[in-house]
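The structure under discussion appears below in the form of structure tokens.
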Amino acid sequence: MSTVALGPRHPVLAFDLGGSWWRVGLLTDACAVRLLCRVPAVNHRNTAKPVPGLQADLVDFVVERTREQRRRHGFDAVGVSLGAALNGHTGEVLGSAPLWGGGTAPFNLAAALREALPDVRWTVLNDVSALAVELLAHSLPGRRATAVTVSSGIACRTIDLRTGHIPLDPVHGVQGEIGHLPARFTALGREVRAHCECGAPDHLAAFSSGRGIEALLRELPEARPLRDRSPDDVVGAFTAAVRGGDPRARSLLDDFTRPLAEVLLHQAVLDPGVERTVLSGGVVDGLGDHYRDSLLRNLAALGLYGIDDPAYFARRITRASDDGLAALRGAGIRARSPLDLIDVHLTKGERREVLDR
Ligand SMILES: [Zn+2]
């Protein structure tokens, strides 16, 4: 059961800067967020600029919107959820294939924002960490829970529900970047290889992320009927076919979810204390319960050694609310909570004190 106090109810501004959309919202209650605006992201696909130019545009967007909203709402704290891998200790951005492609440049968003508006209390966290923090707003069972997001990219984050702590690699400050784990993909039994957006071959994201699925739907011979039906929107045709009960589309969906099912199977073996895994992201929202059902079919077929319980994964794997605002809520909750200081500012002794509280 979540026991973290979510703080007083003063307004907090929150940003959700994803690979496809940028959202701004105001956290007005313990964990209710009001969406203020949603605009297409400035990314490497729609803007011909080198990576530092794209990153400067992102900083300008946050600073301008913060100035504008501050005049209206008078907040002190701003939470930013960023769709990029981050070193959670230093705030250094490690890269984001959906935002900036394979390119990298030294970038510390929190430092840039503090320099631009030093009187604002900034909290910058990875978007999947924001989804994990949002789980604190629900009364979930068990000691730990994992947020899994399947959108343009794919990643997961495990959080301690009692403390709000997200354990990170002590040096590199990351956790749960499952999108770049090696994976194996078969379409109707035939092995298929694909390149990940990070440049490496056969990563989970190349087969199970939104962009991976879209690329495969454009190439696989098995998806030709969908392309013929809707050449300009094969993802839409696939979604409609799955929702309409087309057995070939459902079989393809099982192929797309199998590599993720294998990762979740390993998680169940290695960390059984995670009693709830919550799925979210554009792919999950688009396919609804069909997505979760497909994942559960694969997990049932794979099986878990030593556990004879047909409802095991159905009990543990759920879907998040599909309002698209979870990362905004998570960024706002973390900006408001003193626990946002855990990995950045506290000494080891102070951190222990907060965690033991
Ligand atoms: Zn990769």
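The values are calculated or read from the model by the stated rules, or taken from the named source; none is laboratory data. Remember, predicted model here, so these are calculated numbers, not experimental data. FYI the Cβ positions are ideal-geometry reconstructions off the backbone, even for glycines, and counts take in every protein chain you see. Note: accessible area is taken over every heavy atom of the protein model, side chains too, but ligands, DNA and RNA are not part of it. Shrake-Rupley method; radii C 1.70, N 1.55, O 1.52, S 1.80 Å.
Highest mobility in the GNM of the chain, judged by mean-square fluctuation with C-alpha springs under 10 Å and restricted to HIS266, HIS165, HIS44, is found for HIS266. Across segment 149-160, coupling constants 3J(HN,Hα) worked out from phi with the 6.51/-1.76/1.60 Karplus curve, θ = phi - 60°, read 10, 10, 10, 4, x, 8, 6, 9, 8, 9, 10, 7 Hz, and Gly and Pro carry x.
With N residues in segment 44-91, what two-decimal value do you get for its Cα radius of gyration over 2.2 N^0.38 Å?
Working: Rg = 13.4 Å, N = 48, 2.2 N^0.38 = 9.6 Å.
My calculation over the Cα atoms of segment 44-91 gives 1.40.
Per the Debye calculation on the chain with a single equal scatterer at every Cα and no solvent contribution, log₁₀ I(q)/I(0) for q = 0.13 Å⁻¹ amounts to -1.03.
In whole angstrom, how long is each semi-axis of the equivalent ellipsoid of segment 228-269, when you take the square root of 5 times every eigenvalue of its Cα gyration tensor and sort them from largest down?
On the way: eigenvalues 144, 22, 10 Å².
In descending order, the three semi-axes are 27, 10, 7 Å.
Each Lys or Arg adds one and each Asp or Glu takes one away; over the other residues whose Cβ falls under 10 Å from the Cβ of GLY324, this sums to -2.
With +1 on the Cβ of every Lys and Arg and -1 on the Cβ of every Asp and Glu, and nothing else charged, how large is the dipole of the chain about its Cα centre, in debye rounded to the nearest 20?
Working: 42 positive and 42 negative charges, 110 e Å.
With only Lys, Arg, Asp and Glu charged at Cβ, the dipole is about 520 debye.
Among beta bridges from DSSP that stay inside the chain, the antiparallel ones total about 60%.
Altogether, the Stokes-Einstein calculation at 20 °C and 1.002 mPa s, with the Kirkwood radius of segment 50-206 over Cα pairs as Rh, returns a diffusion coefficient of 124 µm²/s. Net length available on complete extension from ARG190 to ASP323 is 44.2 nm, with 0.36 nm assigned per residue and the Cα-Cα distance removed.
Phi-derived couplings, Karplus 6.51 cos²θ - 1.76 cosθ + 1.60 at θ = phi - 60°, listed residue by residue for segment 287-292: 9, x, 5, 4, 5, 5 Hz, with x used for Gly and Pro. These residues, THR90, THR66, go from largest to smallest accessible area, 1.4 Å probe, as THR90, THR66.
Going by the alpha-carbon gyration tensor, a ≥ b ≥ c the square roots of its eigenvalues, is segment 146-241 rounded (a/c under 1.5) or, if a/c is not under 1.5, prolate (a/b greater than b/c) versus oblate? The shape class here is prolate.
Relative to the compact-globule scaling 2.2 N^0.38 Å, provide the ratio for the alpha-carbon radius of gyration of segment 93-162. Before the final figure, lay out the partial values.
Details: Rg = 15.0 Å, N = 70, 2.2 N^0.38 = 11.1 Å.
This ratio for segment 93-162 stands at 1.36.
GNM remark for the chain: springs join alpha carbons under 10 Å apart, and the peak mean-square fluctuation among CYS156, CYS198, CYS37 falls on CYS37. Estimated from helical segments only, the mean residue ellipticity of the chain at 222 nm is -12000 deg cm²/dmol, where each DSSP H run of four or more residues counts as -39500 (n - 2.57).
For segment 257-340, the square roots a ≥ b ≥ c of the C-alpha gyration tensor eigenvalues yield an a/c of 1.5 or more together with a/b not exceeding b/c, which makes the shape oblate.
The Cα center of segment 258-320 and the Cα center of segment 24-50 differ in position by 29 Å. Once both labels are positioned 7 Å from their Cα atoms along Cα-to-Cβ, the gap between SER230 and LEU117 label points is 3.9 nm.
GNM remark for the chain: springs join alpha carbons under 10 Å apart, and the peak mean-square fluctuation among LEU299, LEU13, LEU117 falls on LEU117.
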